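Following: one structure in structure tokens, then a few remarks.
The values are calculated or read from the model by the stated rules, or taken from the named source; none is laboratory data. Everything numeric here is computed off the predicted structure, so don't read it as measured data. Quick reminder, even Gly has a Cβ in these numbers, built from the backbone with ideal geometry, and neighbours come from all protein chains shown.
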2 protein chains.
Amino acid sequence: MENFLSLPEDKQRTIRNSALKVFGENGYKKASVKDIADEADISKSMVFHYFGTKKDLYLYLVDYCSKVLTGPLTSIQKDLPRDYFERMKVATEKQMGVLKDEPFFLKFLTSMLSESDPEISEELQTYRNYAATFQSSYALDDMDFSKFKEDVDLKVVLRMMVWMAEGFSRNVSLESEEDLDKYIDQFNEAVELLRFNLYKEEYL
Amino acid sequence: MENFLSLPEDKQRTIRNSALKVFGENGYKKASVKDIADEADISKSMVFHYFGTKKDLYLYLVDYCSKVLTGPLTSIQKDLPRDYFERMKVATEKQMGVLKDEPFFLKFLTSMLSESDPEISEELQTYRNYAATFQSSYALDDMDFSKFKEDVDLKVVLRMMVWMAEGFSRNVSLESEEDLDKYIDQFNEAVELLRFNLYKEEYL
DNA sequence: TATTTGTTGACCGATTCGGTCGATGGTTGT
DNA sequence: ACAACCATCGACCGAATCGGTCAACAAATA
């Protein structure tokens, strides 16, 4: 473990990314250490040299992700905009900041939340409800909904945005790094379009 | 192969579903025949008895899916509504009709389109561009965009709807059969909300 | 040069892979 | 009643792959 942490930052990131990708795509059991090593362009032996066992590697990734979630993403929690769409934009922007460095962060997290392999299920239990509470409080706490037109059903808007965000996020890993910013702008354009058409005129 | 086709309809569906699920979730190589058999509650031997080889099973599924795509889904192609949102609703409704019987149809198709295993890549090439052309023509052909408010950027709307539809579809397989209709209604509600706020007043 | 450190490919036993096959038990025709 | 048939399964096959180890080589440090 300390073998890995004493690596140069970007080599760490490369390896982490490969591991996040392979685990995220295949789940714990079907992800093989060889696949991860190949993806990271190192030998299988090195993975064991760095992390000890496959399980240790997986749990390191879980721990790393939870630290990212509590760190950069919650640091803005206090002064989150009360405006719904503004918050949506800030949130995705922050999220994309992470995804730019770790494109498979999200896929791994999703896969992890539905992971059921007995070899790691115990250790995951702790992190799971943690991520759940985080997600919900983050989204709606202290939100100002008063700017919406009165005939707009907020429940519907909320669900719609969840779908949108999911569809959007799901395709992030397909974008090349240089196109990512444009892709994010496209999302913001959509958010703006909604704001413009769903808010009362006096708030535009 | 004829062994399988002479099975009662619903047993065929059960097995097909299990195969679509396992292949869709794991890709061709990592999907194991044992997993499929377990999911379908039959013995591994039966899978081989029905389909011959793993490859034959996979290609059967591909062929089956392409037939579904050319059959039920294109039968409405001629009299598709020219109204954008109306078409969106009709399309998802049809799509859901399929997904009610084959919940993993979509996941399998997505996975298939990015399948790269050399053992099947040749045979897939044919189906791939087929699915691509289908998707695009289906979506936009002969559409009436004149009802939108003039300051609405259509490109943005289109992209947004793609994200929405993807996020929505992605969660269909999580819904229980009895809740599926409600879930579809939620999507239609969202479509209605958009239509109501993005169309010129005279078209409401 | 001597020594440590990073890295690898060959290798281990165990498991799982796709696929086969003989045994079993139910169904059908006679 | 028997025989012919056929669906179904569990045991089994050789080959591949699994997680993990280790001796040996290369590079850097001293």
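One table, with the values for the structure above:
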item	result
Some residue of region B:97-108 being among the β-branched types (Val, Ile, Thr), assigned to a helix (DSSP H, G or I) and either within 16 Å of DNA strand C (Cβ to nearest atom) or under 25 Å from B:Val162 (Cβ atoms) (or both)	yes
Residue ID - surrounded by the fewest Cβ atoms within 10 Å (Cβ to Cβ), chosen from residues in region B:1-31 that are within 11 Å of DNA strand D (Cβ to nearest atom) and within 13 Å of another protein chain (Cβ to nearest Cβ)	B:Lys29
Count - residues of region A:141-158 that are of a type in the set (Ser, Thr, Tyr) and in a helix (DSSP H, G or I)	0
Helices (runs of 4 or more DSSP H) (entirely within region A:12-76) containing at least 2 residues that are within 22 Å of the chain's Cα centre (by Cα)	A:33-40, A:54-70
Where a residue in region A:32-52 is away from chain B (no Cβ under 14 Å) and over 15 Å from A:Asn17 (Cα atoms) and its partner, wherever it lies, is near DNA strand D (Cβ under 8 Å from one of its atoms) and assigned to a helix (DSSP H, G or I), with Cβ under 7 Å and at least six apart	A:Lys44/A:Val33; A:Lys44/A:Lys34
Members of region A:179-191 found to be more than 13 Å from chain B (Cβ to nearest Cβ) and of a type in the set (Asp, Glu), listed by number	A:Asp179, A:Asp181
Which numbered condition B:Glu115 fails, given (1) within 16 Å of DNA strand C (Cβ to nearest atom); (2) assigned to a helix (DSSP H, G or I)	(2)
Total residues in region A:155-178, condition facing another protein chain (nearest Cβ under 7 Å) and of a type in the set (D, E, K, R)	3
Where a residue in region A:141-154 is more than 12 Å from every other protein chain (Cβ to nearest Cβ) and its partner, wherever it lies, is aliphatic (A, V, I, L, M), with Cβ under 7 Å and at least six apart	A:Phe145/A:Leu154
Search result, residues across region A:1-52 that are more than 13 Å from A:Glu102 (Cβ to Cβ), among the β-branched types (Val, Ile, Thr) and more than 8 Å from DNA strand C (Cβ to nearest atom)	A:Val22, A:Val33, A:Ile36, A:Val47
Selection from region A:33-69 of residues that are within 7 Å of DNA strand D (Cβ to nearest atom), among the β-branched types (Val, Ile, Thr) and surrounded by fewer than 17 Cβ atoms within 10 Å (Cβ to Cβ)	A:Thr53
Test: residue in region B:60-76 that is within 15 Å of DNA strand C (Cβ to nearest atom) and either within 22 Å of B:Arg170 (Cα to Cα) or touching a Cys at 6+ places or on another chain (Cβ under 8 Å) (or both)	yes
Cβ pairs under 8 Å, 6+ apart, first in region A:88-106 and more than 21 Å from A:Glu189 (Cα to Cα), second modelled with pLDDT of 85 or more and surrounded by fewer than 17 Cβ atoms within 10 Å (Cβ to Cβ)	A:Asp101/A:Arg13; A:Glu102/A:Arg13; A:Glu102/A:Val68; A:Phe105/A:Val68
Complete set of residues in region A:158-198 that are touching a residue at least 60 places away in the same chain (Cβ under 8 Å) and crowded, with 18+ Cβ neighbours inside 10 Å	A:Met161, A:Ala165, A:Phe168, A:Ser169, A:Val172, A:Ile184, A:Phe187, A:Val191, A:Leu194, A:Arg195
